[in-house]
Amino acid sequence: MRVALHDSWTVRAVGGEVPDAVAGAKIAATVPGCVHLDLLAAGLIADPYLDQNELAVAWVGRVDWRYETTFDWPDNDDDHIDLVASGLDTVATIELNGSIVAWTENMHRSYRFPVAGLLKRSANELAITFASALNAAEQASEKLGPRPHVNAHPYNAIRKMACNFGWDWGPDLVTAGIWRGLYLQTWGTARLAAVRPLVYVDGATGLLRMHIDVERASENGQPLVVEVDVAGTRTEAILPGTGSSVVVEVSVDDVALWWPHGYGAQPLYPVAVTLCDPGGQLDCWDARVGFRTLALDATPDEHGTPFTLMVNGTPVFARGVNWIPDDCFPSRVTRERYAERLTQAKDANVNLVRVWGGGIYENDAFYDICDELGLLVWQDFLFACAAYAEEEPLRSEVEAEAREAVTRLCPHPSLVLWNGCNENIWGHADWGWQDSLGDRTWGWGYYSDLLPSIVAELDPTRPYSPGSPYSMSPDRCPNDPAHGTTHIWGVWNERDFTGYRDYVPRFAAEFGFQGPPTWATLTRAIHDRPLTPDAPGMLLHQKADDGNGKLARALAKHLPAPQNFDDWQWATSLNQARAVAYGVEHFRSWAPVCMGTVMWQLNDCWPVTSWAAIDGDGRRKPLWYALRRSYADRLLTLQPRDGELSLVVLNDSAHRWSTTAVVSRRAFDGTVLASTRVPIDVESRGKRTVRIPDHVVTAGDPTRELLLAGAGSRRAWWPFVEDLAAALPAAEFDTHVTQFDRGYCVTVTARTLVRDLALLADRVAPDAVVDDMLVTLLPGESVTFETRTAAELTHEQLVDPLVLRSANQLLTTADQ
């Protein structure tokens, strides 16, 4: 029996300086939750996500907080009663009826403590005191010996969500609280301690090996029966009286394979485990599994060392995104929110999500949804951008959390890779850490020994990589593009986005470009007057080093300097979308040498200028639409090859692509100046590169011409010069608006060339979602934007120049 302990909690400050309104107050608390949310609900702090409130609530992270509740407990015949904490954040003292039950110091694992001897029938008093994690991290750092890390605080000294301490896209909001479920579990003879289903496929037969660990009430117990049911096929095993573990094998004939979306279906088989004694059922466990094989091909070749994920023997080009926690306060992320965000990823033609190592092991719902959607999951162990001590007490906590994470997540067919760390091996090699570290440990023992040993023991069906980036050998530079995984940050930090073409990585595991949130998100969160990129609230919501300077320098090579804030928000959003599309299409064009792009990043945890495609309020930025187009199964892209221009035809679909592409050089008025027809016949998962004849690619007037490659609805554009140097006309078009039951259709018919037309409908209706964006039209062409919204809008609102945007406008505004 499980009884949740989620009701009637209060929280109060018990150490540290607090405002007068908080001192001595018992505040109603929500479990699961955190102290920031409790203070916010009580009206004792302002929303940390708005304006400069992050600074105003910094004191919260320096305070010790005590959570308290009371509960009754009925008489119970079971011998064992355990207090189970699924997630405590982070340095906690647990007391029951005045007795200390335990001390804990790890946000990333659960805990179980026997408490039968401490319970009474009524008015049980349960208290959990959380010491300031910020103070604890500083103290632990001094005790272990300071080690290099990014950002302001020594997050690497304790086991807590690293980005809680601030990141280059996230606020400094150091949380505390009971962030996952808390309950009492009663049991008698025995209970299921751990269940690990490992899947194998042999021809048409699926084999499920169920590794089952049992905790017994006594060492010399009676034999137990373990029943395993897989989609109606039941198998039993007897666990001897002294036994504590058993492996039960179940075969499934004519098994249906699980595939990433775009490669096949995602059949999921229900699995149930029941533990019984002669008196009946003692415990049960259930999940779903998918049958597939996994491999990581890193066999050296003539180009270096590949990094190719293989599912069911098929190489998969990873069209990926990096995932960060979707909220600084993870207890707010519901199953519905996971489903919305991950569906947004799939709808952008993403097939892989990397769970980044500075966050958390996400809730089961995250992985369940990835199973259902066919999204592959690359899971980092939780180490990021820092050196980590390998001594106690950290090492035991690392081992315990890793064992739990591997055990909990191994049922999920979507999980295809365990990765040791994020950028720590690279940091040790190239960021100057060795001078300050001396001979102190820094984490290599975790990534090269402890973690791969745990994976080999508990989950040998999945590949493991020591880190990202990693060149597949400790003897190479960890970030060598010719070997393994690569992070490409020199482009954003130091160069124009055209620098992506200088890289042909085997697997681009991180790269990205910044842009602001959507207008509705930005103006909900920031209220500076006047609103400018350098206003105080805007700067607090720009965490990157010299972020605005990098945005300005990136714009300067492509578009005029914005004349007002409205233009700045649109221009930087457009430039972000163009930059990432530029990189993605270049990397994809080099398949199969390059076999993956994992764009930084899918999502945000709050409203901020960042690299995300979906902003902190869940709205799709222009980048999302560009990513969807660049990640399409079938893609036309114009790319330089050996000093010439070529059409690269990518067919990452399940079927052969046979059609004809037309590549034409056009004047801005739409006139065809030269053209060529290119027969397309590309096999499934194939590519064809076709050189374009000189007479087509040689412009008469580069400022007034561009190339267009088209095949059906798919298009690729090649401007001969940047917009800044082009003679783009003022955008002229006709519009027609019709209302339908879910919103509006806005049809635009161009009278001039219109580049990157976008309907930014959130400016007039915050709930608006537009089906497409960044559409280029030649004179006479039309596009219809379907806009879903519950708002009542007028034609004038929907076609307002600040709503119906284009690149042309930015040049026209600059000329005025």
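The values are calculated or read from the model by the stated rules, or taken from the named source; none is laboratory data. No experiment lies behind these values; they were computed from the predicted model shown. With ideal geometry, Cβ positions are generated from the backbone for all residues, glycine too; neighbour counts draw on all protein chains shown. In case anyone asks, the SASA skips ligands and DNA or RNA and just uses the protein heavy atoms, side chains included. Shrake-Rupley method; radii C 1.70, N 1.55, O 1.52, S 1.80 Å.
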When region 425-453 is checked residue by residue, the ones that are closer than 17 Å to E399 by Cβ and not aromatic (F, W, Y) are T441, G443, G445, S448, D449, L450, L451, P452, S453
Is one or more of the residues making up region 415-422 open to solvent by 30 Å² or more (accessible area, probe 1.4 Å), out of contact with any His (no Cβ under 7 Å at 6 or more places or on another chain) and closer than 19 Å to L268 by Cα? no
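Could you check region 504-539 and list, in sequence order, the residues that are without any contact (Cβ under 8 Å) to a residue 60 or more places away in the chain and within 25 Å of the chain's Cα centre (by Cα)? Outline the logic, then answer.
Initially, region 504-539 is screened for residues without any contact (Cβ under 8 Å) to a residue 60 or more places away in the chain, giving 523, 529-535, 539.
Correct list: T523, L539.
For (1) closer than 25 Å to L415 by Cα; (2) part of a loop (DSSP other than H, G, I, E, B); (3) touching a Pro at 6+ places or on another chain (Cβ under 9 Å); (4) open to solvent by 20 Å² or more (accessible area, probe 1.4 Å), each residue gets a yes or a no:
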| position | (1), (2), (3), (4) |
| --- | --- |
| P146 | no, yes, yes, yes |
| N151 | no, yes, no, yes |
| G170 | no, yes, yes, no |
| T175 | no, yes, yes, no |
| Y183 | no, no, no, yes |
| V195 | yes, no, yes, no |
| V199 | yes, no, yes, no |
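Okay, residues lined up against (1) at pLDDT 95 or above; (2) closer than 28 Å to P481 by Cα; (3) touching a Pro at 6+ places or on another chain (Cβ under 7 Å):
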| position | (1), (2), (3) |
| --- | --- |
| F307 | yes, yes, no |
| V316 | yes, yes, yes |
| V321 | yes, yes, no |
| D326 | yes, no, no |
| R332 | yes, no, no |
| Y338 | yes, no, no |
| Q344 | yes, no, no |
If you go through N164, N124, N135, the only one that is crowded, with 19+ Cβ neighbours inside 10 Å and not aliphatic (A, V, I, L, M) is N164
For helices (runs of 4 or more DSSP H) lying entirely in region 544-646, having 2 or more residues that are under 21 Å from the mean Cα position of the chain (by Cα) picks out 565-589, 622-630
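So, in region 771-798, exactly how many residues are within 15 Å of A758 (Cβ to Cβ), in a loop (DSSP other than H, G, I, E, B) and either open to solvent by 70 Å² or more (accessible area, probe 1.4 Å) or in contact with a Lys or Arg (Cβ under 6 Å, 6 or more places away or on another chain) (or both)? Even if it seems obvious, please write down each step before you answer.
The first filter runs over region 771-798 and keeps only residues within 15 Å of A758 (Cβ to Cβ), leaving 771-777, 783-787, 798.
Of the ones still in play, those that are also in a loop (DSSP other than H, G, I, E, B) are 771-774.
If we keep only those that are either open to solvent by 70 Å² or more (accessible area, probe 1.4 Å) or in contact with a Lys or Arg (Cβ under 6 Å, 6 or more places away or on another chain) (or both) as well, we get none.
Of the residues in that region, 0 qualify.
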**Asked** Is it true that P505 is open to solvent by less than 10 Å² (accessible area, probe 1.4 Å), part of a loop (DSSP other than H, G, I, E, B) and touching a Cys at 6+ places or on another chain (Cβ under 6 Å)?
**Response** yes
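Among the residues of region 647-661, which ones are part of a strand (DSSP E or B), touching a residue at least 40 places away in the same chain (Cβ under 8 Å) and either open to solvent by less than 10 Å² (accessible area, probe 1.4 Å) or in contact with a Leu (Cβ under 8 Å, 6 or more places away or on another chain) (or both)? So that I can check it myself, show each step before the final result.
The first filter runs over region 647-661 and keeps only residues part of a strand (DSSP E or B), leaving 647-651, 657-661.
Next, from what is left, pick out any that are touching a residue at least 40 places away in the same chain (Cβ under 8 Å): 647-650, 659-661.
L647, V648, V649, L650, A661 - these are the residues of region 647-661 that are part of a strand (DSSP E or B), touching a residue at least 40 places away in the same chain (Cβ under 8 Å) and either open to solvent by less than 10 Å² (accessible area, probe 1.4 Å) or in contact with a Leu (Cβ under 8 Å, 6 or more places away or on another chain) (or both).
Are there strands (runs of 3 or more DSSP E) fully within region 670-745 with at least 1 residues that are open to solvent by 30 Å² or more (accessible area, probe 1.4 Å)? List them. Can you show your working first?
Values: elements: 672-682, 686-691, 705-711, 714-719, 733-740.
Once the strands (runs of 3 or more DSSP E) in region 670-745 are filtered for at least 1 residues that are open to solvent by 30 Å² or more (accessible area, probe 1.4 Å), what remains is 672-682, 686-691, 714-719, 733-740.
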Reported set for region 746-772 where residues are more than 32 Å from the chain's Cα centre (by Cα) and not charged (D, E, K, R) is V746, T747, V748, T749, A750, T752, L753, V754
Exercise for review: Would you check if there is a residue in region 249-264 being open to solvent by 40 Å² or more (accessible area, probe 1.4 Å) and touching a residue at least 60 places away in the same chain (Cβ under 8 Å)?
Suggested key: yes
Only unsatisfied item for L811, checking (1) of a type outside the set (V, I, T); (2) surrounded by 16 or more Cβ atoms within 10 Å (Cβ to Cβ); (3) at pLDDT 95 or above, is (3)
Residue count, region 28-39, condition free of Cβ contacts under 8 Å to residues at least 60 places away in the same chain and buried (at least 18 other Cβ atoms within 10 Å of the Cβ), comes to 1
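To keep it simple, each residue is scored yes or no on (1) closer than 19 Å to W179 by Cβ; (2) at pLDDT 95 or above; (3) touching a strand residue (DSSP E or B) at 6+ places or on another chain (Cβ under 6 Å).
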{"site": "W59", "(1), (2), (3)": "no, yes, no"}
{"site": "V63", "(1), (2), (3)": "yes, yes, yes"}
{"site": "E68", "(1), (2), (3)": "yes, yes, yes"}
{"site": "N76", "(1), (2), (3)": "no, no, yes"}
{"site": "V84", "(1), (2), (3)": "yes, yes, yes"}
{"site": "T90", "(1), (2), (3)": "yes, yes, no"}
{"site": "I94", "(1), (2), (3)": "yes, yes, yes"}
{"site": "G98", "(1), (2), (3)": "no, yes, no"}
All-but-one check, L119 against (1) under 24 Å from A400 (Cβ atoms); (2) open to solvent by 10 Å² or more (accessible area, probe 1.4 Å), failing number (1)
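Does at least one position in region 349-356 carry a residue that is in a strand (DSSP E or B), closer than 15 Å to W418 by Cβ and touching an Asp or Glu at 6+ places or on another chain (Cβ under 9 Å)? So that I can check it myself, show each step before the final result.
Initial filter on region 349-356 (in a strand (DSSP E or B)): 352-355.
Pick out the ones that are also closer than 15 Å to W418 by Cβ and you get 352-355.
Subsequent filtering for residues that are touching an Asp or Glu at 6+ places or on another chain (Cβ under 9 Å) retains 354-355.
Yes.
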For region 156-207 the number of residues that are at positive phi and touching a residue at least 60 places away in the same chain (Cβ under 8 Å) is 2
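Has region 228-237 got any residue that is open to solvent by 10 Å² or more (accessible area, probe 1.4 Å), without any contact (Cβ under 8 Å) to a residue 60 or more places away in the chain, under 29 Å from P74 (Cβ atoms) and not in a strand (DSSP E or B)? Can you show your working first?
Residues of region 228-237 open to solvent by 10 Å² or more (accessible area, probe 1.4 Å): 229, 231-237.
Filter once more, so that each one left must be without any contact (Cβ under 8 Å) to a residue 60 or more places away in the chain: 229, 231-237.
Of the ones still in play, those that are also under 29 Å from P74 (Cβ atoms) are none.
No - not one qualifying residue is present in region 228-237.
Just to be sure before I move on: is A429 open to solvent by 10 Å² or more (accessible area, probe 1.4 Å), of a type in the set (A, V, I, L, M, F, W, C) and either free of Cβ contacts under 8 Å to residues at least 40 places away in the same chain or more than 29 Å from A193 (Cβ to Cβ) (or both) in the structure I sent? Spell out the reasoning first.
Details: open to solvent by 10 Å² or more (accessible area, probe 1.4 Å): yes; of a type in the set (A, V, I, L, M, F, W, C): yes; either free of Cβ contacts under 8 Å to residues at least 40 places away in the same chain or more than 29 Å from A193 (Cβ to Cβ) (or both): yes.
Against the criterion (open to solvent by 10 Å² or more (accessible area, probe 1.4 Å), of a type in the set (A, V, I, L, M, F, W, C) and either free of Cβ contacts under 8 Å to residues at least 40 places away in the same chain or more than 29 Å from A193 (Cβ to Cβ) (or both)), A429 qualifies.
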Within region 205-223, the residues that are within 42 Å of the chain's Cα centre (by Cα) and either in a strand (DSSP E or B) or crowded, with 17+ Cβ neighbours inside 10 Å (or both) are T205, G206, L207, L208, R209, M210, H211, I212, D213, V214, E215, R216
Of the residues in region 268-297, those that are open to solvent by less than 30 Å² (accessible area, probe 1.4 Å) and either in contact with a His (Cβ under 9 Å, 6 or more places away or on another chain) or in a loop (DSSP other than H, G, I, E, B) (or both) come to A287, V289, G290, R292
Checked region 36-48 for anything within 25 Å of the chain's Cα centre (by Cα) and part of a helix (DSSP H, G or I); matches are H36, L37
By residue number, the members of region 279-294 that are over 16 Å from A265 (Cα atoms) and either in contact with a Gly (Cβ under 8 Å, 6 or more places away or on another chain) or of a type in the set (S, T, Y) (or both) are L282
### Query
Do we have any residue at all in region 519-538 that's on the phi > 0 side of the Ramachandran plot and open to solvent by 10 Å² or more (accessible area, probe 1.4 Å)?
no
